[in-house]
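Asker: After the structure tokens below, expect a handful of questions from me.
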Amino acid sequence: MHTYKAQKFDLPSLDGISERQIEVHLGLYEGYVKHINLLREQIADLASQDEEKYAFAIESVRRRMGFEFNGMRMHEFYFPQWEGGSAPPTAGGPLEQAMSEKYGSWEEFTHHFKTVAKSRGSGWATLAWDAKGETPHVWWTADHELGVLSDVSILIACDMWEHSYMVDYLPNEKEKYIDAFFRNLNWSGIEERFEKARTS
């Protein structure tokens with residue numbers, strides 16, 4: 001059986017996000033990887049014992065897979081956004097043009113994204129490119145498996161679960177975390193995601 005392995009990320013020192021916060025967050029990501037493997041093993045074990053007898057148990061385990069798998073995958077979008085250190089977006093580049101066309105300006109796009117990120121509750125603020133519609137979307141995803149848009153390419157994933165910032169910030173200070181998240185983004189990597197999404 002295929003086994004998923006936790007990826008390694010080459011993260012620099014971050015402005016406003018501590019090494020301890022990253023250490024805790026990476027540990028949680030590794031937990032998602034561990035649990036998607038465990039769930040797949042449980043399904044195989046139950047099926048090998050008596051697939052008919054354990055049909056409901058298998059179904060219950062299978063329902064959990066979306067949460068664990070998407071939790072793993074969303075973090076694999078999240079951490080690489082900081083690799084290579086902070087770098088600004090290309091002025092007038094394709095990504096800036098697309099965001100400005102949809103949201104009015106680059107500044108209005110970032111304001112909109114941050115507003116979505118400040119939504120009450122735990123979840124993710126996400127920017128994706130819809131190749132079929134030829135347009136970007138910013139949306140809020142509750143949990144990992146609820147509210148996910150199908151057939152889009154993720155460009156930015158901002159983790160807004162408390163585990164992503166509560167080593168450094170109180171719940172009522174999450175706006176400071178959002179600002180730190182943006183300060184540390186390497187936009188060249190995000191632009192590469194965009195170029196791949198719109199040309200593939």
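Asker: What are the residues in segment 14-53 that are loosely packed, with under 11 Cβ neighbours inside 10 Å and hydroxyl-bearing (Ser, Thr, Tyr), if any?
Answerer: Ser48 - this is the single residue of segment 14-53 that is loosely packed, with under 11 Cβ neighbours inside 10 Å and hydroxyl-bearing (Ser, Thr, Tyr).
Asker: Taking the stated definitions as given, is Ala57 surrounded by fewer than 18 Cβ atoms within 10 Å (Cβ to Cβ), in contact with a helix residue (DSSP H, G or I) (Cβ under 9 Å, 6 or more places away or on another chain), modelled with pLDDT of 95 or more and among the small types (Gly, Ala, Ser)?
Answerer: no
Asker: While we're looking at this one, here's another question. Scan segment 7-48 residue by residue and report those that are small (Gly, Ala, Ser), over 17 Å from Ser164 (Cβ atoms) and assigned to a loop (DSSP other than H, G, I, E, B).
Answerer: Ser13
Asker: Counting just the residues of segment 60-97 that are of a type in the set (Asp, Glu) and within 17 Å of the chain's Cα centre (by Cα), which one comes out surrounded by the most Cβ atoms within 10 Å (Cβ to Cβ)?
Answerer: Looking at the filtered set, the residue picked out is Glu68.
Asker: Let me ask something else. Among the residues of segment 169-187 satisfying the criterion of being in contact (Cβ under 8 Å) with a residue 60 or more places away in the chain and surrounded by fewer than 16 Cβ atoms within 10 Å (Cβ to Cβ), which is nearest to Leu14 (Cα to Cα)?
Answerer: Arg183
Asker: Kindly indicate whether any position in segment 139-161 is at positive phi and surrounded by 13 or more Cβ atoms within 10 Å (Cβ to Cβ).
Answerer: Step one: filter segment 139-161 for residues at positive phi, giving 143, 147, 151.
Right, trim to surrounded by 13 or more Cβ atoms within 10 Å (Cβ to Cβ) and you get 143, 147.
Among the residues of segment 139-161, at least one is at positive phi and surrounded by 13 or more Cβ atoms within 10 Å (Cβ to Cβ), which makes the answer yes.
Asker: So the check is Cβ under 7 Å with 6+ separation or different chains; which pairs have a first residue in segment 48-73 that's closer than 23 Å to Ser150 by Cβ and in contact (Cβ under 8 Å) with a residue 40 or more places away in the chain and a second one that's acidic (Asp, Glu) and surrounded by 11 or more Cβ atoms within 10 Å (Cβ to Cβ)?
Answerer: From segment 48-73, the pairs are Gly66/Glu145; Phe67/Asp143; Phe67/Glu145; Asn70/Glu145.
Asker: Before we move on, is Glu41 within 19 Å of the chain's Cα centre (by Cα) and among the acidic types (Asp, Glu)?
Answerer: Numbers: within 19 Å of the chain's Cα centre (by Cα): no; among the acidic types (Asp, Glu): yes.
No; evaluated as a whole, the condition is false for this residue.
Residues checked against (1) among the hydroxyl-bearing types (Ser, Thr, Tyr); (2) in contact with a strand residue (DSSP E or B) (Cβ under 7 Å, 6 or more places away or on another chain):
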{"site": "Leu95", "(1), (2)": "no, no"}
{"site": "Ser119", "(1), (2)": "yes, yes"}
{"site": "Ser164", "(1), (2)": "yes, no"}
{"site": "Glu173", "(1), (2)": "no, no"}
{"site": "Leu185", "(1), (2)": "no, no"}
{"site": "Gly189", "(1), (2)": "no, no"}
{"site": "Glu192", "(1), (2)": "no, no"}
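Asker: Here's another thing I want to ask about it. Any chance segment 87-97 includes a residue that's within 21 Å of Asp179 (Cα to Cα), in contact (Cβ under 8 Å) with a residue 40 or more places away in the chain, part of a helix (DSSP H, G or I) and not acidic (Asp, Glu)?
Answerer: Looking through segment 87-97, at least one residue is within 21 Å of Asp179 (Cα to Cα), in contact (Cβ under 8 Å) with a residue 40 or more places away in the chain, part of a helix (DSSP H, G or I) and not acidic (Asp, Glu).
Asker: If you don't mind, there's one more thing I want to ask. Hey, any hits in segment 103-116 for a residue that's among the basic types (Lys, Arg) and either under 16 Å from the mean Cα position of the chain (by Cα) or within 24 Å of Phe67 (Cβ to Cβ) (or both)?
Answerer: Yes: segment 103-116 contains one or more residues that are among the basic types (Lys, Arg) and either under 16 Å from the mean Cα position of the chain (by Cα) or within 24 Å of Phe67 (Cβ to Cβ) (or both).
Asker: Looking for something among the β-branched types (Val, Ile, Thr) and over 15 Å from the mean Cα position of the chain (by Cα) - is there at least one such residue anywhere in segment 144-166?
Answerer: no
The values are calculated or read from the model by the stated rules, or taken from the named source; none is laboratory data. Everything numeric in this text was worked out from a predicted model, so none of it was measured. Positions of Cβ are generated from backbone atoms using ideal geometry, with glycine treated the same way; all protein chains shown enter the neighbour counts.
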